[in-house]
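Here is the structure we will look at, set down as structure tokens.
The numbers here are math on the coordinates, done by the rules we state, and not lab data. These figures come from a predicted structure and were not determined experimentally. Note that each Cβ is placed from the backbone with ideal geometry, even for glycine, and that neighbours are counted across all protein chains shown.
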Amino acid sequence: MSGRSSDPVGPVDGRKVPRFAGSGSFARLPEIDRVPDYDVAVLGVPFDNGTSYRPGARFGPMAVRQASRHLRPGHHVELDCSPFTAIQVVDAGDVPVTPFSIEEAMGQIAAHAGDLLQGDRKVIAIGGDHTIALPMLRSVNRAHGPVALVHFDAHLDTWDTYFNAPTTHGTIFRRAFEENLLVEDHSIHVGIRGPIYGRADLDDDRRFGFRTIRASDLDDLGVQGTIGAITERVGDLPVYLSIDIDVLDPSFAPGTGTPEAGGLTSRELLRVLRGLTSLNLVSADLVEVSPAYDHAEITSIAAATVIFDIVALLGLRSLGSAGQDGLDAPGGGDERSSTGGRQHRRNRRDRAGRRYRHIWL
């Protein structure tokens with residue numbers, strides 16, 4: 001990704017320093033100033049002034065980092081990869097964002113993310129409410145041009161205004177369409193459900209070029225069909241992945257601002273994500289964790305696991321790049337640097353993609 005030449009520095013080993021001790025960074029990764037270069041930056045965005053119902057997502061980055069201590073991130077069992085040996089991932093801290101002006105905050109977030117994205121690097125933002133997706137898309141657009149959006153959420157987030165405010169957590173993707181940040185007719189919502197203010201909301205959304213997979217559609221499509229619909233929709237375009245934790249049913253994610261009954265299970269969400277191995281991910285966000293409404297870190301643990309899965313997808317993607325170390329266990333030596341070793345890694349990546357596209361029914 002960034003052309004980094006040194007071996008990645010991974011998370012603190014939980015067998016040497018207990019997971020309840022030590023660094024408070026995401027998954028106990030190195031902070032950005034502890035390594036010479038990086039491929040992916042995890043960035044906290046503690047902003048929730050665009051919230052329309054229950055506030056509190058400004059404390060999401062802190063809660064998700066704390067919950068990430070539960071992870072054992074050495075190896076991803078189901079994707080069969082060790083992403084932190086393939087790419088350098090860092091914790092870039094939090095955006096020092098104002099809590100008093102939405103427009104000023106949008107500029108601060110876009111500028112901070114834009115700096116981190118330079119040199120073909122990626123950013124995974126931890127919200128914060130969903131308003132942060134708009135400045136993230138603006139920054140990604142400057143680096144990659146218009147993108148396809150894969151959006152997991154209970155809500156469309158394509159309203160026009162809310163109490164005359166044009167920039168809120170429910171309006172960002174309408175603004176993104178108006179600003180030409182999205183490739184026309186290549187974006188998709190997944191998990192939509194619940195009542196809306198009016199039929200016109202659906203008509204507007206179709207006019208903006210979105211396809212929608214409702215939460216109930218997963219019962220008919222299954223995981224395989226959902227993965228296929230997403231990958232067909234975005235093709236090989238650069239993809240921005242935006243995940244509102246309220247795509248999950250409140251039984252799996254109570255700690256969020258606008259919960260809706262009838263959502264995905266955490267297993268369904270993870271299974272779909274793990275099937276998206278072919279996507280050309282350029283950045284992502286995970287938003288709307290509001291820890292004041294959580295219980296026993298249920299929501300925060302789900303969010304931390306989702307972020308780990310996004311990192312794993314980026315690690316798998318890197319296997320096709322010459323010069324990457326690959327995801328084999330330490331000690332591969334010459335095989336990892338050889339043409340045969342690279343082919344072995346491509347085969348592993350392809351097997352993971354086939355497994356999650358064709359076996360799950």
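A dipole drawn for the stretch 26-359 from +1 and -1 charges on Cβ atoms has a positive end, and of H76, V147, M136 the residue lying farthest that way is H76. What range in the chain is the longest one free of chymotrypsin sites (Phe, Trp or Tyr not before Pro) that are in a loop by DSSP and have at most 13 other Cβ atoms within 10 angstrom? By the stated rule (loop sites, at most 13 other Cβ atoms within 10 Å), 198-361.
Once the Cα atoms are used to define both axes, helix 217-234 deviates from the longest principal axis of the chain by about 70 degrees. Sorted from longest to shortest, the spans of the Cα atoms of the stretch 26-359 along the three principal axes equal 62, 45, 40 Å. Taking other residues whose beta carbon is less than 13 angstrom from the beta carbon of D294, and scoring Lys, Arg as +1 and Asp, Glu as -1, yields -2. Computed from point charges on the beta carbon alone (+1 for Lys and Arg, -1 for Asp and Glu), the dipole magnitude for the stretch 26-141 about its Cα centre is near 340 Debye.
Give the range of the longest stretch in the chain that excludes all trypsin sites (Lys or Arg not before Pro) found in loop regions by DSSP and having at most 12 other beta-carbon atoms within 10 Å. Between the exposed loop sites, the longest stretch runs 17-361.
Compute the signed sum of charges (Lys and Arg +1, Asp and Glu -1) over the other residues within less than 11 Å, Cβ to Cβ, of R138. Intermediate results must be reported in sequence, preceding the final value.
Values: positive: R142, R175; negative: E179.
Residues close to R138 contribute a combined charge of +1.
Taking the Cα centre as origin and putting +1 on Lys and Arg beta-carbons and -1 on Asp and Glu beta-carbons, what dipole magnitude results for the stretch 26-359, to the nearest 20 debye?
Values: 34 positive and 45 negative charges, 207 e Å.
Here the stretch 26-359 has a charge dipole of around 1000 debye.
The angle separating the long axis of helix 339-354 from the principal Cα axis of greatest extent in the chain is about 30 degrees.
Mean-square fluctuations from a GNM of the chain, with a 10 angstrom spring cutoff on Cα atoms, peak among L221, L29, L137 at L221.
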